[in-house]
1. Starting from the Cα-Cα distance between F247 and K234, subtract it from 0.36 nm times their residue separation and give me the gain in nm to one decimal.
2. Could you check what % of the DSSP bridge pairs in the chain are antiparallel, to the nearest 5?
3. For region 118-182, just say rounded, prolate or oblate: build the C-alpha gyration tensor, square-root its eigenvalues into a ≥ b ≥ c, call rounded for a/c under 1.5, and beyond that prolate if a/b exceeds b/c, oblate if not.
4. Once the whole set of protein chains is in place, how much accessible area is left on R192, using a 1.4 Å probe, in Å² to the nearest 10?
5. Amide H to amide H, which residues 5 or more places from L188 or on other chains are under 5 Å from it, using H placed in the peptide plane?
6. Measuring with a 1.4 Å probe in the full set of protein chains, what accessible area per residue, in whole Å², belongs to region 133-249?
7. Could you tell me which residue out of Q217, S205, M187 lies farthest along the dipole of region 186-225 toward its positive end? Charges go on the beta carbon: Lys and Arg +1, Asp and Glu -1, centred on the Cα centre.
8. Starting from the amide H of D32, placed 1.01 Å from N in the peptide plane, find each other amide H under 5 Å away whose residue is 5 or more places distant or on another chain.
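The values are calculated or read from the model by the stated rules, or taken from the named source; none is laboratory data. Owing to the predicted nature of the structure, the values given are computational and were not obtained by experimental measurement. Ideal geometry is used to build each Cβ from the backbone, glycine not excepted, and the neighbour counts take in all protein chains shown. The accessibility values were calculated without ligands, DNA or RNA, using every heavy atom of the protein model including side chains. Shrake-Rupley method; radii C 1.70, N 1.55, O 1.52, S 1.80 Å.
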Amino acid sequence: MRIHTLTTLLLSAALLGGVANAEDKPLRIGVDVPYEPYQYKLPDGTITGFEVELVNAACERMQRECVWVEQSWDGIIPALQARKFDLIASAMNITEERSNQVLFSDPYYQVPSVWVGKADTKHDLDGSLEGTAIGVQQATIQDEYVTQFYPDAEIRRYADSGSVVADMHAGRLDLVFTAFPLAQETMLTDERFTRQGELVTGPESIYGPGIGAAFRQRDDALAETFNEAMAGLKADGTFDQVFESYFGD
């Protein structure tokens, strides 16, 4: 009986020690950069941006050290599942397809998409855009949107958003479909380009309810702690302060 009790106590201590050790370890966050203004690098290599600052603030509330791990977008969910990092915070829309692979946090912001074209050319977005060279980042909701609604267009898919922007500036694309704030940072300040059509935030079958952090499906306790931290940032005004520093009122 004494041996059984001692064994039980030792096992309990080991389990508690394992939990404590896990919580002492840095929380690794997967991110694809650049995706301004949400995620990008400073000249010294520091990763920053709206979502980065927001999640760093959530880490402080969780009393966890956070480390950002770069990962290309097309492999970011497999890398999470392979335990390269503990969560993804990289402007990822919550969709039904992704929810079959990962556990999402509550949505904490929404990103509209925008069409950007050459200022001297007007495109009929209600038409098929047949033969029009459209640039998108592959495996994004923008990719899914143009694939579904413009199958006759010449869709050019790129591994990162920077390559999409670079080809638009080089004149190799007719249109770009991307996140509105990214377009504001990289193209819409150039008089050669203009926004075309209305901002796009649907359908929900593609866009889902918004942006969330992604976790491995078994890490529900970590996801709930993250949700509580993010709710606290909204309640105490931190979320609004970070938002206004990037997007104004």
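1. Working: separation 13, 0.36 × 13 = 4.68 nm, distance 1.61 nm.
Contour length minus the Cα-Cα distance gives 3.1 nm.
2. On the way: 19 of 33 bridges.
Here the antiparallel bridges make up roughly 60 percent for the chain.
3. Values: a/c = 1.61, a/b = 1.11, b/c = 1.45.
Judged from the Cα gyration tensor, region 118-182 comes out oblate (a/c at least 1.5, b/c at or above a/b).
4. Ignoring ligands and nucleic acids, R192 comes out at about 110 Å².
5. Under 5 Å from the amide H of L188 lies no amide H from a residue far enough along the sequence or on another chain.
6. Details: 5410 Å² over 117 residues.
Roughly 46 Å² per residue, with all protein chains present.
7. M187
8. It is Q71, by chain and number.
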